[in-house]
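What follows is a set of notes on a single structure, which appears directly below.
The values are calculated or read from the model by the stated rules, or taken from the named source; none is laboratory data. These figures come from a predicted structure and were not determined experimentally. Cβ coordinates were reconstructed from backbone atoms using ideal geometry, including for glycine residues, and neighbour counts include every protein chain displayed.
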Amino acid sequence: MEERIIIAGFGGQGVMAMGQLLTYSGMVEEKNVSWLPSYGPEMRGGTANCNVTISSDPVGSPVVVEATTAIVLNKPSLDKFETSVVTGGNLLINTSLIDRKSNRDDLNVYYIPANEIAIELGNVRIANMVMLGAYIEITKAISVDSVYKAFEKVFGESKAHLLPINKQALEKGAEAVKSLVNA
């Protein structure tokens, strides 16, 4: 098993946090992992992306050139990374901020209104967790329980009180994908 993931969006959307959660979750499950962040010139509001690899075998390079999955949170990220996904791979699109469909018909594309779901839960800042829940439901690359265990490692003890709403966001993301598959 090897999942090569590109996560991309604006700075401040939780792109790096998603990558770190995936990486630590893989470590919890004793898988081989890598995480490579990339920031634009501005942190909050600029572009940000990261490459994550989760594998049962050693990881040769942290750079993801041919992604098995891309999770894109804004339109510039879709424009940039849509072509980086391998045929048959997964493309998760945040329809709250992206007003176009995928140009590819050789991918499994999932359209998820992450911001709207996060707002329904009471905090737009958890849209990234909605997308992460969708990703986990689609790929099963890691378990959601591992994300719960990794949460404190990534966010620290001071943010532990945020775990319940983040759990809800993960669940809603999984539900959103299930409803797309069953539609």
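Sort through T53, T47, T69, T23 and tell me the only one that's at pLDDT below 95, buried (at least 16 other Cβ atoms within 10 Å of the Cβ) and polar (S, T, N, Q). Outline the logic, then answer.
Numbers: T53 fails: at pLDDT below 95; T69 fails: at pLDDT below 95; T23 fails: at pLDDT below 95.
Just a single option satisfies the conditions, and that option is T47.
Among the residues of the range 133-183 satisfying the criterion of being of a type in the set (D, E) and loosely packed, with under 14 Cβ neighbours inside 10 Å, which is nearest to W35 (Cα to Cα)?
Looking at the filtered set, the residue picked out is D145.
Under the condition of being among the polar types (S, T, N, Q) and part of a helix (DSSP H, G or I), which residue from the range 131-155 is farthest from the chain's Cα centre (by Cα)?
Looking at residues that are among the polar types (S, T, N, Q) and part of a helix (DSSP H, G or I), I get S146.
State which residue is farthest from the chain's Cα centre (by Cα) when the search covers only the range 1-40 and only residues that are over 15 Å from P62 (Cα atoms) and in a strand (DSSP E or B).
The qualifying residue farthest from the chain's Cα centre (by Cα) is Y39.
Listed residues K75, K31; which is among the basic types (K, R) and out of contact with any strand residue (DSSP E or B) (no Cβ under 8 Å at 6 or more places or on another chain)?
Numbers: K31 fails: out of contact with any strand residue (DSSP E or B) (no Cβ under 8 Å at 6 or more places or on another chain).
The unique qualifying residue is K75.
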